[in-house]
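What follows is one structure encoded as structure tokens, with my remarks underneath.
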Amino acid sequence: MNSRNSSISKGVDWTIVALYAILVGIGILCIFMVEYRTGSNWMQLFLGGKTNYSKQLIFAGVCTLIATFILLADSKLFTAFANLAYAFGILLMLATFVIGKDIKGSKSWISLGGGFNLQPAELCKIFVALALAKYMSMQNMDFTKTRSQLIACGIVLLPAVLARFQHETGLALVYLSFFIAMYREGLPASILVIGISFGALVVATLIVEPNTLAVALTIIAAIIIYFLRRQIKRNSKLLLVIVATWAICVGIQRFAVPYIFNNVFECYQSQRIYSAVGKDYDCSLNKHNKSEVPGAKAAFKPDDYNVRQSKIAIGSGGFSGRGFLKGTQTRGKYVPEQHTDFIFTSLGEAFGFVGCAIFLLIYLFLLFRIVNIAERQRSTFSRVYAYSVASILFFHISVNVCMTIGLFPIIGIALPLISYGGSSLLTFTVLIFILLRLDADRQMVLR
């Protein structure tokens, strides 16, 4: 270790440390509220290591030790081993296809024994953040060039593709958050516009009848041509661009979207997305759900039970909540996966709108603090890494909360530092404390 870093408190942003500790404490409290049963010896259960809240406490202790080690480390270690760590992460993800443990249809876990499992797709977010920062901080890097942009996208999308093959669609989508960090460094805004437009077109395809949407797209194209008729006279290529864009949009809504939902997505995934926009999906159209009997159709089963129960639980909290350990929905186990993906429901039912608002303000303060840290870095490496951390946290928070109130499909996204899980807590701990270590050395220029 560097003698300059011998003091763990030197240059560390203790506000972030405090916010981290508060959120981890809230997470353990929420898991406790979900699992505690009246009359149980809660102290014995906490120390026994058999309940989820006692395991989360153990995870928090291990993460504290790892965080301390990171704060005492030399910042140059993270730049020196960034590429090697990325390669290790990819190999670890590939290893799950061979030695992985199948949990709820997802072969993305490696058993560590003693009931503990490791999810490489979670940890790989750390390695991608470091590798992306390393690449974008190279000398003579010109991120306006297409080649540089494609390489950066490749660094991000490779683990996303592997996560998708592991049936971890939620984790695969998380890697798209790195595009926010790349946008800060000069990625053309047109790419983000195209991505958002594609998402809007997909939603419109699910909501609007196909022929009606095709007519609407045609009318929009005609209106654009009318208002740009003078520019088109001077540049005939503009007309070609408009017509090509119209043809692509119609092709996507008529052919690409139905193909993706019926042939690429699993039946339950298509159901969840349709359910999020208030529509029903017929699983008999999905090739992954066909019966082995020729000509037979798979039975349709609604998949909005989780969301309905989640809404009931949050709604029952009202303005000020039912109170600590007084929730009836979450403590009654009506909400599935309430200690992981739907942990937000326990907070909503116990402390109501006021508690949720204060909780989200803590997250908002954390995000603003990280962005502020990012902007004060001298090193491109540290800035890109900080924005990567902020982007990952923002994606997880917004998607998870929206998921629990029915504004986003259920895709298995954890609530940072709150949801139960050693891999998730370890990942966010390492992400945040590497950021703090880099910020403590912000006067250095790291590459």
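Need at least 1 residues that are farther than 30 Å from Thr340 by Cβ and outside the structural domain of Ala129 (by TED's automatic domain parsing) per element, so show me which helices (runs of 4 or more DSSP H) inside the range 164-219 make the cut, counting only ones lying wholly within it.
Answer list for the range 164-219: 189-207.
State all residues of the range 221-238 that are assigned to a helix (DSSP H, G or I) and either in contact with a helix residue (DSSP H, G or I) (Cβ under 7 Å, 6 or more places away or on another chain) or surrounded by 13 or more Cβ atoms within 10 Å (Cβ to Cβ) (or both); if no residue qualifies, say none.
Passing the criteria: Ala221, Ile224, Ile225, Gln231, Ile232, Leu238.
What number goes with the only condition from (1) assigned to a helix (DSSP H, G or I); (2) polar (S, T, N, Q); (3) over 22 Å from Leu29 (Cβ atoms) that Ser424 does not pass?
All conditions pass for Ser424, except number (3).
Restricting attention to the range 399-422, report how many residues are among the small types (Gly, Ala, Ser), out of contact with any Ser or Thr (no Cβ under 8 Å at 6 or more places or on another chain) and either surrounded by 21 or more Cβ atoms within 10 Å (Cβ to Cβ) or under 13 Å from Gly170 (Cβ atoms) (or both).
Looking only at that region, the number is 0.
State whether the residues of the range 162-175 include one that is charged (D, E, K, R) and farther than 24 Å from Phe143 by Cα.
yes
Check the range 171-185 and report whether any residue there is touching a residue at least 60 places away in the same chain (Cβ under 8 Å), hydroxyl-bearing (Ser, Thr, Tyr) and surrounded by 15 or more Cβ atoms within 10 Å (Cβ to Cβ).
Yes, the range 171-185 contains a residue that is touching a residue at least 60 places away in the same chain (Cβ under 8 Å), hydroxyl-bearing (Ser, Thr, Tyr) and surrounded by 15 or more Cβ atoms within 10 Å (Cβ to Cβ).
Inspect all residues belonging to the range 21-31 and state whether any of them is part of a loop (DSSP other than H, G, I, E, B) and either within 24 Å of the chain's Cα centre (by Cα) or at pLDDT below 90 (or both).
No: zero hits.
This table checks each residue for (1) closer than 17 Å to Gly27 by Cα; (2) surrounded by 19 or more Cβ atoms within 10 Å (Cβ to Cβ); (3) modelled with pLDDT of 90 or more.
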| residue | (1), (2), (3) |
| --- | --- |
| Trp42 | yes, no, no |
| Gly49 | yes, no, no |
| Tyr53 | yes, yes, no |
| Val62 | yes, no, yes |
| Leu65 | no, no, yes |
| Leu71 | no, yes, yes |
| Ser75 | no, yes, no |
| Asn83 | no, no, yes |
| Gly89 | no, yes, yes |
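From the list Ser320, Ser270, Ser236, which residue is within 30 Å of Gly412 (Cβ to Cβ), among the polar types (S, T, N, Q) and either out of contact with any strand residue (DSSP E or B) (no Cβ under 7 Å at 6 or more places or on another chain) or modelled with pLDDT under 90 (or both)?
After ruling out the rest, the residue left standing is Ser270.
Which numbered condition in (1) farther than 30 Å from Val203 by Cα; (2) part of a helix (DSSP H, G or I) is the only one that His396 fails?
(1)
Between residues in the range 81-102 that are assigned by TED's automatic domain parsing to the domain that holds Phe165 and assigned to a strand (DSSP E or B) and residues that are polar (S, T, N, Q) and surrounded by 12 or more Cβ atoms within 10 Å (Cβ to Cβ), which pairs lie under 6 Å by C-beta distance while being six or more apart or on different chains?
Cβ pairs passing all conditions: Lys101/Ser111.
Can you pull out the residues in the range 334-358 that are within 24 Å of the chain's Cα centre (by Cα) and part of a loop (DSSP other than H, G, I, E, B)?
Correct list: Val335, Pro336, Glu337, Gln338, His339, Thr340, Asp341, Phe342, Ile343.
Mind checking whether some residue in the range 350-370 is crowded, with 20+ Cβ neighbours inside 10 Å, out of contact with any Gly (no Cβ under 6 Å at 6 or more places or on another chain) and of a type in the set (Gly, Ala, Ser)?
No.
The values are calculated or read from the model by the stated rules, or taken from the named source; none is laboratory data. Every value quoted in this text rests on a predicted model; they were computed, and no experiment measured them. Glycine gets a Cβ as well: all are built from the backbone with ideal geometry, and neighbour counts include every protein chain shown.
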